[in-house]
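Beneath this line is the structure, given in structure tokens, with notes to follow.
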Amino acid sequence: MAVDCRASKFYHQIMPGCVSIANSPFKTMTLRIIPRSWQRSIKTLFPLLFALSFIIVLLANNFIPAIAQQPRQEIRGVWMTTNDKDILRDRRKLGDAVSQLKRLNFNTIYPVAWNSGYAMYPSYVAQQRDIQPFVYRGLDGQDMLADLIAQAHRQGLLVIPWFEFGFMAPPTSELALNHPDWLTEKQDGSQTSNGVGGEVVWLNPFHPEVQQFITELVLEITTKYNADGIQFDDHMSLPSEFGYDEYTVALYTKETKKAPPKDFQNPAWVQWRANKITAFMSQLNQAVKAVKPHAIFSISPNYYEFAYKHHLQDWLTWVRLDIADELIVQVYRPNLESFVDKINRPEMQEAQQKIPTGVGIMTGLRNNPVPIQQIKSQVQAVQGYGLGVAFFYYESLWEYAPEPIAVRLSQFSDFFPSSAFRTALQIPRRAATFPPPAPPKPDPKAKPEQPTKNSPPSASPTT
């Protein structure tokens, strides 16, 4: 768009100032420096130069947001579970697996690091806490996590260790047996729940000693290994029927001046517990970023409505508070219509505008193989919404499947026809403190300020 600076109000406000300077006592000095013929040229070109600078400023303002809003890195990941231990233990098999993933244009691996109350790597924290009398190592005595990170990085893949069990543990684990005061319970005093992993107990996420223990484990992984981040899934939470242990009841009563509701889905009771977990995740993020600012703080929960209501996991707030650097929502559903309904939700779209966002797709279990056509239709749906994808889990990509390995490999090669490079060297993000610090309490000994004669009357309080 052409701009006539001479006709603009701004030009007439500025130019008189320029003329007055030229006509000021400094004129003689100016003439000595600048030849008269140049002065005429400058006066003629000044409006053009002004218009040009105005256009440059406008263009710069338009380009800055474009630079800041860099394209989101596409997630193409796969989880490596305890079922993949035979591969993780064998350096040659692991090398073949990583090379295969590279050829198929994957870019991220999520290896299990915490499962069933045990560290899947040599952990000083676990040994010091007397919860793990053994150490997981490879066939050659190698540190399996360190080996995977080294091999994956050579192939250009990210490795984000997966803190799988979160606050969950088997009731027979040393962790549960040695620290009974760390466990939370239901209203009837029972401490276990049943799920895909069998019977489990839950560490109390509101207990400071539990929080300290989890923080120590997470920081151990963060500082000991050259990994690209840390991931927490749907078990970094608490089933909503829990929280009636002595410690939590006392804390809730102290803060609210009333006992916890008998209805474990009471909205205020759900929110109070969810906020406590959010506050801990904010602190954990800050602790990780303090030692490794570029670490990817990854979360992989269930879809939001279920995660919040049934597991007190307010992950949308985590996204809004910069607690999460990437989001992978687990949608393990065979029905395509139901699958699409869960990925096409406002909270997914909101997260997608802020951080790399993907969907977890089930590729099969040993006792429940998934046909490749189901996987293909779900991948196409996810990519249609511009989302990334992570598969659960490595072994079931082409093993324990209804189709021959060659057929599965052919289909997976079609999912990602070209590479999508990822890097952990993103803009450093650090979680906001949650909840925000309370304002300082007034000093009861301090005298109130007396208004001066000219000060306006104070506003009356509103209800």
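Observations on the structure shown:
- Residue list for region 315-338, filter: open to solvent by 10 Å² or more (accessible area, probe 1.4 Å), in contact with a helix residue (DSSP H, G or I) (Cβ under 8 Å, 6 or more places away or on another chain), assigned to a loop (DSSP other than H, G, I, E, B) and not charged (D, E, K, R): Leu321, Pro334
- Members of region 146-176 that are surrounded by 17 or more Cβ atoms within 10 Å (Cβ to Cβ) and not hydrophobic (A, V, I, L, M, F, W, C): Asp147, Gln151, Pro161, Glu164, Gly166, Pro170, Ser173, Glu174
- Within region 281-312, the set of residues being open to solvent by less than 10 Å² (accessible area, probe 1.4 Å) and more than 13 Å from the chain's Cα centre (by Cα) comprises Ala307, Leu312.
- The set of residues in region 85-94 being under 13 Å from Ala113 (Cβ atoms) and touching a strand residue (DSSP E or B) at 6+ places or on another chain (Cβ under 8 Å) consists of Leu88 alone.
- In region 323-355, residue farthest from Val196 (Cα to Cα) [restricted to those that are acidic (Asp, Glu) and within 13 Å of the chain's Cα centre (by Cα)]: Asp325
- Filtered residue count, region 222-261, keeping only those that are surrounded by 21 or more Cβ atoms within 10 Å (Cβ to Cβ) and closer than 30 Å to Trp79 by Cβ: 14
- Residues that are among the charged types (D, E, K, R) and over 16 Å from Ser413 (Cβ atoms) were ranked within region 366-401; the one that is surrounded by the most Cβ atoms within 10 Å (Cβ to Cβ) is Glu395.
- The residue that is farthest from the chain's Cα centre (by Cα), counting only those in region 403-435 that are modelled with pLDDT of 85 or more and among the small types (Gly, Ala, Ser), is Ala406.
- Qualifying residue in region 167-175 (condition: touching a Pro at 6+ places or on another chain (Cβ under 8 Å), closer than 30 Å to Ser240 by Cβ and charged (D, E, K, R)): yes
- Residue match in region 348-365 (condition: modelled with pLDDT under 95, in contact with a Ser or Thr (Cβ under 9 Å, 6 or more places away or on another chain), exposed (fewer than 15 other Cβ atoms within 10 Å of the Cβ) and within 27 Å of Asn83 (Cβ to Cβ)): no
- Some residue of region 201-215 being surrounded by fewer than 22 Cβ atoms within 10 Å (Cβ to Cβ), β-branched (Val, Ile, Thr) and touching a strand residue (DSSP E or B) at 6+ places or on another chain (Cβ under 7 Å): yes
- Just so you know, in region 280-314 the residues that are hydrophobic (A, V, I, L, M, F, W, C) and assigned to a loop (DSSP other than H, G, I, E, B) include one that is nearest to Glu74 (Cα to Cα), and it is Ala295.
- Cβ-Cβ distances below 8 Å connect the following pairs, each with a first residue in region 112-136 that is within 23 Å of Ser300 (Cβ to Cβ), a second residue that is assigned to a loop (DSSP other than H, G, I, E, B) and of a type in the set (D, E, K, R), and a separation of six or more residues or different chains: Val112/Glu164; Ala113/Glu164; Trp114/Glu164; Asn115/Glu164; Tyr121/Asp143.
- Subset of region 111-142 (residues that are part of a loop (DSSP other than H, G, I, E, B), within 26 Å of Lys93 (Cβ to Cβ) and among the β-branched types (Val, Ile, Thr)): Val135
- Residue within region 91-108 that is at pLDDT 95 or above, open to solvent by less than 30 Å² (accessible area, probe 1.4 Å) and within 22 Å of Leu219 (Cα to Cα) present: yes
- Taking region 262-279 as the range and being closer than 15 Å to Gln313 by Cβ, open to solvent by 60 Å² or more (accessible area, probe 1.4 Å) and assigned to a helix (DSSP H, G or I) as the test, only Gln271 passes.
- Residue pairs whose Cβ atoms lie under 8 Å apart, sitting 6 or more positions apart in sequence or on different chains, and linking a residue in region 196-219 that is closer than 18 Å to Ala287 by Cα and modelled with pLDDT of 95 or more to a partner that is in a loop (DSSP other than H, G, I, E, B) and open to solvent by 40 Å² or more (accessible area, probe 1.4 Å), are Phe213/Arg129.
- Scanning region 180-195 for residues that are assigned to a loop (DSSP other than H, G, I, E, B) and either at pLDDT below 95 or open to solvent by 30 Å² or more (accessible area, probe 1.4 Å) (or both) turns up Glu185, Lys186, Gln187, Asp188, Gly189, Ser190, Gln191.
The values are calculated or read from the model by the stated rules, or taken from the named source; none is laboratory data. The structure displayed is predicted, hence computed values, not measured ones. Cβ atoms come from the backbone with ideal geometry, glycine included; neighbour counts cover every protein chain shown. Ligands, DNA and RNA are excluded from the accessible area calculation, which covers all protein heavy atoms including side chains. Shrake-Rupley method; radii C 1.70, N 1.55, O 1.52, S 1.80 Å.
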